[in-house]
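Written below as structure tokens is the structure these notes are about.
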Amino acid sequence: MDCKISIVLVSLLSICTGAPRGGIFNPYEDGPFTIQHVHVGSLFQPSLDENLDIWAPTEAGTYPIMYYLTGGAMMTAGTTYSQMLSHIASHGLVIVTMNRLSMAAPSEKVPYFEDTMNWAEINLEDKLHGDGIPVDVHLDFKTLIGAAHSAGNHVLVEYLKHTCGNFLALIFHDPVDGADPMGIMDDWCITPGEFLNFDIPTYHLSAGLDPAVGDSPSNLGMSCAPAHMSNERFWNALNRNSPRWSVNATKFGHMDFVDPEFNTGGFCAANNEATDEDFDAYRKFVAGQTINFISAVFEDDCTPYLSEIENPSNYIVEGSVRVENSGDSCPTPYCTWEPLPSPAP
């Protein structure tokens, strides 16, 4: 079957797979697209301050873009997540990560994110073609999916508080607010008890061990995702109009879906009883759930994809789910936004 595609708010997956899990399509396995990884260093790129890692299909077509903001408020290299991100891209997306070592507070990194997206819209496609991606592969900058891990979510939320841009769906992986594990620095994207000022379909993944303390003495007894700074803080702040799903992978930890060589040292709490096969299953679960959510948002028939999200008996790891989806209708790709209230005089 010819898998050439043109995607503008239409099918991400069924064009080339045509069936939900149980038939041909299985989100927990690699998709039909061949993926190439490209690294773009900032050193020799005028006006680019971030290092980029991109995973892109090599088959001809126009692909939506997922910007994935990495942990440490974009200080973690994108290749830390290469297995998961390559898996997601193989189902028909271009994944773009960005990172640089900067001790700026997460809210102060929003301009880095904006500048990098502006650079990418002008330069990235030509750069990819120059690095071996075929010239008939194109990027759809009007169809963006925002996703992030840990404090990368802080940057992403802070951006969306000021504009939707071209983002049409939102994915939280183990989100963390604040600027330091103890919450000493006054830099927050969420105020408990207040709702965010944007409305967008949202998927939230948490890990059961997120708030636990890792085994390493180098973490000084601090959690990588303290309970008061992480998952529920984000879930409770989501706009009440946003269709939203929250999945908890009960047996795993904050970094357990990164590539194996990076999930070492015990700085974050991990599933110490898990085998290599268990961790591999968790990486596939995180990728597959992400694919299911994107498919549910962009497909005309969301039923098979929401069934995978909403029924923990279908999960390939242990987990639970909460759903807030008025009328049980299929989510659609959109983002609405209203200005933040003016600060009191």
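The values are calculated or read from the model by the stated rules, or taken from the named source; none is laboratory data. The shown structure was predicted, so the numbers you read here are calculated from the model rather than taken from an experiment. Because the Cβ atoms are built from the backbone with ideal geometry, glycine has one as well, and the counts that use them run over all protein chains shown.
Odds and ends about this structure:
- In the condition set (1) touching a residue at least 60 places away in the same chain (Cβ under 8 Å); (2) in a helix (DSSP H, G or I); (3) farther than 28 Å from T332 by Cβ, G132 is compliant with all but (2).
- The number of residues in the range 226-250 being surrounded by 17 or more Cβ atoms within 10 Å (Cβ to Cβ) and of a type in the set (K, R) comes to 2.
- For the residues F198, F172, the requirement of being buried (at least 18 other Cβ atoms within 10 Å of the Cβ), in contact (Cβ under 8 Å) with a residue 60 or more places away in the chain, of a type in the set (F, W, Y) and closer than 20 Å to D256 by Cβ singles out F172.
- Residues considered: Y305, Y282. Of these, the only one that is free of Cβ contacts under 8 Å to residues at least 60 places away in the same chain, in a helix (DSSP H, G or I) and surrounded by 21 or more Cβ atoms within 10 Å (Cβ to Cβ) is Y282.
- Test: residue in the range 47-65 that is at pLDDT below 95, in contact with a Ser or Thr (Cβ under 6 Å, 6 or more places away or on another chain), surrounded by fewer than 19 Cβ atoms within 10 Å (Cβ to Cβ) and not β-branched (V, I, T): yes
- There is at least one residue in the range 122-129 that is modelled with pLDDT of 95 or more, surrounded by fewer than 20 Cβ atoms within 10 Å (Cβ to Cβ) and among the hydrophobic types (A, V, I, L, M, F, W, C).
- Only residues that are over 27 Å from V176 (Cα atoms), in contact with an Asp or Glu (Cβ under 9 Å, 6 or more places away or on another chain) and acidic (D, E) were counted across the range 26-73, and they come to 1.
- Count of the range 168-190 residues which are at pLDDT 95 or above and either more than 23 Å from F285 (Cα to Cα) or of a type in the set (A, V, I, L, M, F, W, C) (or both): 10
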